[in-house]
4 protein chains.
Amino acid sequence: MAIKFALLGCGRIGVLHARNLAKADGARLETVFDPNTMAAEAVAKAHGCKVSTSVEDAIGEAEAVLIATSTATHADLIELAAKAGKAILCEKPIDLDLDRVRACRKAIEGCNVPIQIGFNRRLDPGHRAARDACAAGKIGKLEQVVITSRDPGMPPRGYTAVSGGIFRDMTIHDFDVARFMLNDEPTEVFATGSALIDPTIGSDFGDFDSIMVIMRTADGKLCHINNSRRAAFGYDQRIELFGSEGMVISDNRKAHELKFYGSTTTESAEPYLNFFIERYAEAYKAEVAAFIAASRRPADPSHVRRRLPRARARGGSRRVCQDRQEGRGPQ
Amino acid sequence: MAIKFALLGCGRIGVLHARNLAKADGARLETVFDPNTMAAEAVAKAHGCKVSTSVEDAIGEAEAVLIATSTATHADLIELAAKAGKAILCEKPIDLDLDRVRACRKAIEGCNVPIQIGFNRRLDPGHRAARDACAAGKIGKLEQVVITSRDPGMPPRGYTAVSGGIFRDMTIHDFDVARFMLNDEPTEVFATGSALIDPTIGSDFGDFDSIMVIMRTADGKLCHINNSRRAAFGYDQRIELFGSEGMVISDNRKAHELKFYGSTTTESAEPYLNFFIERYAEAYKAEVAAFIAASRRPADPSHVRRRLPRARARGGSRRVCQDRQEGRGPQ
Amino acid sequence: MAIKFALLGCGRIGVLHARNLAKADGARLETVFDPNTMAAEAVAKAHGCKVSTSVEDAIGEAEAVLIATSTATHADLIELAAKAGKAILCEKPIDLDLDRVRACRKAIEGCNVPIQIGFNRRLDPGHRAARDACAAGKIGKLEQVVITSRDPGMPPRGYTAVSGGIFRDMTIHDFDVARFMLNDEPTEVFATGSALIDPTIGSDFGDFDSIMVIMRTADGKLCHINNSRRAAFGYDQRIELFGSEGMVISDNRKAHELKFYGSTTTESAEPYLNFFIERYAEAYKAEVAAFIAASRRPADPSHVRRRLPRARARGGSRRVCQDRQEGRGPQ
Amino acid sequence: MAIKFALLGCGRIGVLHARNLAKADGARLETVFDPNTMAAEAVAKAHGCKVSTSVEDAIGEAEAVLIATSTATHADLIELAAKAGKAILCEKPIDLDLDRVRACRKAIEGCNVPIQIGFNRRLDPGHRAARDACAAGKIGKLEQVVITSRDPGMPPRGYTAVSGGIFRDMTIHDFDVARFMLNDEPTEVFATGSALIDPTIGSDFGDFDSIMVIMRTADGKLCHINNSRRAAFGYDQRIELFGSEGMVISDNRKAHELKFYGSTTTESAEPYLNFFIERYAEAYKAEVAAFIAASRRPADPSHVRRRLPRARARGGSRRVCQDRQEGRGPQ
């Protein structure tokens, strides 16, 4: 039987999830909620589901809850849904404040429900194939990870003002991918950044638009992350795993394999898939599929994070440290 | 309102079309028919539609008919559906016998219905982008077309016995792509072939498994096609358009962009998408979408062939000629 | 001891050979001759060698003769040098008239000297690696060869007037490469062409600027050649060998591996090496090295053609046939 | 007139330089010196030059001195040659001890001779094209540099014992390339490393075999370097320049462009050029040519470093700082 879903939040990412839920095997989009009633009704009309008038109603009608609301509401909604015994797929992050994350973890202790955070990149076919190749020993012992992750363009200033900063809103994905690829926790982190694209986001918000990170695990594996808020050529998403017997690179992707040869350019490829909606379209579908599978079966597939990650930002503007994440899930 | 479809034929390609129809916007799979009742019921169950007990019943219940039955039945079913006033999407070919094709054309004269033949490669995103680039003048005046089309492996002998030969069952797609890319009709055709993979298909069926073709249009454009029934590295589908100001190549496609670097191979890519079901998955979806659009609107989008192509095989084993196809559709 | 060379002809290709001889191990450029005395003196000055006042003098002073004069003189000079007992490296072709070639062969029967014709592409590292991979069985049994060979731009009309036509001045290299790659002789040849770039070379000279060829060997191997006198993106030199267990492609080459990513182009590569001087620079050096080796040792290395090829053009403008070349060299 | 060279040191790199000098325009290898007389005589025989019995004699006979001796002798020989008024091309580094480097700089103040240090990678055609593209504004304002530099295999333990450590013997090239690409001096440097390939080089020598570095310039440009002593797939030399309007990547290089397609690998390329001798063959030639040009003309071409770089290693094992290098050359 298809699992009944409540979708909370009908913004850009909510609309995406609604479409994926509507076409996913084993799921039925039962109801949607959004404080913006028109947004909720549009989704409901497109996919033939109900509109709930409160989060409580929505959660009450469903077996599984997909939380795609604004960040500040995530922790509250997780607690609400967990206590109602519903399976939870929540967009990242849990909260910008690590204390709130810890309180959330404590609040839902004992709620025996699957919880998955929306780190969709783990489900990207290329990134996953990289990890699988590594896990299968094809590159020997992993030694270095290099993650390149650059957005096609600057977000609106309004977003920057509330996002929590580039490390928390953008690098968060790369920190997650790094942990996924390293299959280990970094014990040392060095990070630095600059406001090169728009110096005023430095002066106004104390934020960066260009950053570099190096992390090191207890056994010496090294990991580099670079981020930029703007790449002239589009969304730049590459992962390199270097090991004792070889290397794999999960490279950028294009809509198709047309190449152009002209008097000024040779072997010029198609533009990269523009941004996360296009680039990670398969990952979002796979994320929902993995969640459906995990919500059904008691077994925990390797790619599903049932636990609440613990992360702590410490120190000044150029230094970010992450505690080893203990990875104990709700009992 | 969604267009009601009858699907005739629930074999491999019928199952594929059923799935695409089920997820297509603007279509509803109303009923299916297959002489193999179990096959029909399996499709009906998967997509929640009816099973008809005859082609007449199926056609009667629908606004549009998708013909995915065996080749020998195509012309009869086209006539039946056209006379019933239904829009028709029929798998290639219309018939192995050109006289039967001509008779079919004559039989449905006056039936004012859209007819589209399943030349899906025209809808492949890369191939289409190649043609669009050419049409937009990006490579200047088109001068040469080179089409490489090799299957991953030999078909069963039973198929070879009835397929009509490699030119009619395999090269037919490349002849179509050639006409699509040339945007013109060849006036001279030279073809040759060999039975290199399995000499017995030469001695037993007078067929080839490896062929090469050159075609020339009235104004001198040149086109080369090569085919093989077996490529050790998978499905090899490449199209090159060479013009006065540049070239475009629509290259092979992989599931993702993982590259491997090891002690014996460098920059080794993922395997190519294995065969037409995977390689042309988007093309099949786009084919159905184009047909839905054409069935709704009177205007004829450029990518939809509403007409019955006329093709005539002439001469001996090594020489194939194609008449200029007049392209007059049913009125 | 270094072999003493006489260079006959100090035009573009002669200058190239002079430079390669000057830096080659085992060779010494002893003397040069050119009816244009200034050209000869310039080469002599650059490389510190003598200027001869006649071909007879030049040949008399040397152990080996490199013939880089105009085509019409090749056969005479071969006869002269062979009768003088000198090793001969002669630029292609021997003569435009096949009867003259045959007469030359007859005239030098009994002159036991090494003769090598300047089919430099056999010595290109990539092309040679393709053949070596095939010979080593890496692609199984060879089934198809596809040769793409397009010049960057039209030659001067004066050249076209005397070159003997595209098949004899340009495709000649590809016919040679085809024989080298097939490791066999074609028994059937079909060729066609158009004057697309400059229709007046058709009307004025009966020549083509765009051609396509298919050849077939006795055992069924297929080979396609396409040529164009002008490629907007530069010198297009690709060879594809397709076999029962795989494929190798010797692709175009660039000066280095810079890639550019901008707002309008992605993964854009460097321009291809512009023309034969640059593209086949290594091949010209290897050609001289192979000739030096062959002139020294009695053994015939596999890559050296000691024999005079026999070729005959037969039939009309669109059909070229090549006899099996018997490959008996001078005794 | 050709400049007369003395080559000091006839080991592996000396032999390479001898061959390049022998074929370079504008240079003549006059004499060689090596404490190993047999090595010196072998080079002298190969290139037809003298053997000197002391460095003083060698220097005395030449106009320019190429120092390719062991590291410990570099500073002494620079002083000797500079005081003799000879142009100097010296292999890196000047000395492992920064105080010795400073003393050398002071010692030769007032010797008005060109001095070039053998940072050959600046002359690599691809790397140089990357910098030229950046300098020409093709990628807008430079923001990030990513340098990947991995050797094919571990050096002998004896080398590790005396090399000064990975940062001083291997990363030194990447620090130089970083400065060349940034066209600026880093003001902050963070570096970390591990002994992953051979843990005993950590325990025995306090050295690393795998390192990562981040540098930041005063105006915020970011630069990442990663090194490994062993890459299973060969010599891995890539440079990425990311700017406000695009990106260039100078990628790895192969001997030619053969690609292999088989049942287990697709699009597999040739192995990378194995190590610095092959990979940077053109760079070594260009280095000598640039030095010859600089020794002749008073003007200082952009690619020639006439100055003594000042570098200082500071702090513990994981932290390396480089002073801004003032770039004042000898007056």
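The values are calculated or read from the model by the stated rules, or taken from the named source; none is laboratory data. Treat the numbers as computed from the prediction; the structure is a model and nothing was measured. Using ideal geometry, Cβ is built from the backbone for each residue, glycine included, and neighbour counts are taken over all protein chains shown. The protein model used for the area step is the full one, side chains on, heavy atoms only, and it has no ligands, DNA or RNA in it. Shrake-Rupley method; radii C 1.70, N 1.55, O 1.52, S 1.80 Å.
Okay, here's what the table says:
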{"quantity": "Hits in segment B:26-42 - residues which are open to solvent by less than 10 Å² (accessible area, probe 1.4 Å) and in contact with a Leu (Cβ under 7 Å, 6 or more places away or on another chain)", "calculated": "B:Val32"}
{"quantity": "Residue in segment B:166-174 that is more than 13 Å from chain C (Cβ to nearest Cβ), out of contact with any Pro (no Cβ under 8 Å at 6 or more places or on another chain) and assigned to a strand (DSSP E or B) present", "calculated": "no"}
{"quantity": "Among the residues listed as A:Val213, A:Val162, the single one being of a type in the set (Val, Ile, Thr), more than 13 Å from every other protein chain (Cβ to nearest Cβ) and over 20 Å from A:Asn274 (Cα atoms)", "calculated": "A:Val162"}
{"quantity": "Where D:Glu270 falls short, out of the listed (1) within 14 Å of another protein chain (Cβ to nearest Cβ); (2) modelled with pLDDT of 95 or more; (3) in contact with a helix residue (DSSP H, G or I) (Cβ under 8 Å, 6 or more places away or on another chain)", "calculated": "(2)"}
{"quantity": "Flag for A:Val162 being modelled with pLDDT under 95, out of contact with any Leu (no Cβ under 7 Å at 6 or more places or on another chain) and of a type in the set (A, V, I, L, M)", "calculated": "yes"}
{"quantity": "Qualifying residues in segment B:130-141 (those that are open to solvent by 20 Å² or more (accessible area, probe 1.4 Å) and closer than 18 Å to B:Asp251 by Cα) - the one nearest to the other protein chains (Cβ to nearest Cβ)", "calculated": "B:Lys138"}
{"quantity": "Number of positions in segment C:50-73 that are at pLDDT 95 or above and assigned to a loop (DSSP other than H, G, I, E, B)", "calculated": "7"}
{"quantity": "Pairs where the first residue, in segment B:195-210, is away from chain C (no Cβ under 13 Å) and the second is outside any loop (DSSP other than H, G, I, E, B) and open to solvent by 20 Å² or more (accessible area, probe 1.4 Å), C-beta under 7 Å, 6+ apart", "calculated": "B:Phe205/B:Ala161"}
{"quantity": "Hits in segment B:217-264 - residues which are within 12 Å of chain C (Cβ to nearest Cβ), aliphatic (A, V, I, L, M) and not in a strand (DSSP E or B)", "calculated": "B:Ala218, B:Ala231, B:Ala232"}
{"quantity": "Hits in segment C:25-44 (condition: modelled with pLDDT under 95 and farther than 23 Å from C:Ala82 by Cα)", "calculated": "C:Asp25"}
{"quantity": "Every residue from segment B:71-103 that is in contact with a His (Cβ under 9 Å, 6 or more places away or on another chain) and either open to solvent by less than 10 Å² (accessible area, probe 1.4 Å) or among the aliphatic types (A, V, I, L, M) (or both)", "calculated": "B:Leu89, B:Cys90, B:Ile94"}
{"quantity": "Check on C:Ala58, surrounded by 18 or more Cβ atoms within 10 Å (Cβ to Cβ) and within 14 Å of chain D (Cβ to nearest Cβ)", "calculated": "no"}
{"quantity": "Criterion violated by B:Pro125 - all others in (1) open to solvent by less than 30 Å² (accessible area, probe 1.4 Å); (2) under 15 Å from the mean Cα position of the chain (by Cα) satisfied", "calculated": "(1)"}
{"quantity": "From B:Leu16, B:Leu66, B:Leu29, residue being farther than 21 Å from B:Val101 by Cα and in contact with a His (Cβ under 9 Å, 6 or more places away or on another chain)", "calculated": "B:Leu29"}
{"quantity": "Inter-residue pairs, beta-carbon under 7 Å, first in contact (Cβ under 8 Å) with a residue 24 or more places away in the chain and in segment B:71-87, second among the polar types (S, T, N, Q), 6+ apart", "calculated": "B:Leu77/B:Thr69; B:Ala87/B:Ser295"}
{"quantity": "Subset tally (residues that are outside any helix (DSSP H, G or I), surrounded by fewer than 22 Cβ atoms within 10 Å (Cβ to Cβ) and in contact with a strand residue (DSSP E or B) (Cβ under 6 Å, 6 or more places away or on another chain)) for segment C:1-25", "calculated": "3"}
{"quantity": "Residue in segment C:104-121 that is within 29 Å of C:Leu241 (Cα to Cα), within 14 Å of chain D (Cβ to nearest Cβ) and crowded, with 22+ Cβ neighbours inside 10 Å present", "calculated": "yes"}
{"quantity": "Test: residue in segment B:212-230 that is open to solvent by 10 Å² or more (accessible area, probe 1.4 Å) and at positive phi", "calculated": "no"}
{"quantity": "Segment B:251-272, residues that are among the hydrophobic types (A, V, I, L, M, F, W, C) and surrounded by fewer than 19 Cβ atoms within 10 Å (Cβ to Cβ)", "calculated": "B:Ala255"}
{"quantity": "Complete set of residues in segment A:164-195 that are closer than 22 Å to D:Glu143 by Cβ and open to solvent by 20 Å² or more (accessible area, probe 1.4 Å)", "calculated": "A:Phe167, A:Arg168, A:Ile172, A:His173, A:Phe190, A:Ala195"}
{"quantity": "Residue among D:Gly246, D:Gly206 that is on the phi > 0 side of the Ramachandran plot, of a type in the set (Gly, Ala, Ser) and buried (at least 23 other Cβ atoms within 10 Å of the Cβ)", "calculated": "D:Gly246"}
{"quantity": "Residue among C:Ala62, C:Ala135, C:Ala107 that alone is among the aliphatic types (A, V, I, L, M) and without any contact (Cβ under 8 Å) to a residue 40 or more places away in the chain", "calculated": "C:Ala107"}
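For (1) closer than 23 Å to D:Ile292 by Cβ; (2) not in a loop (DSSP other than H, G, I, E, B), each residue gets a yes or a no:
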{"site": "D:Ala44", "(1), (2)": "yes, yes"}
{"site": "D:Ala75", "(1), (2)": "no, yes"}
{"site": "D:Leu89", "(1), (2)": "yes, yes"}
{"site": "D:Ile94", "(1), (2)": "yes, no"}
{"site": "D:Arg102", "(1), (2)": "no, yes"}
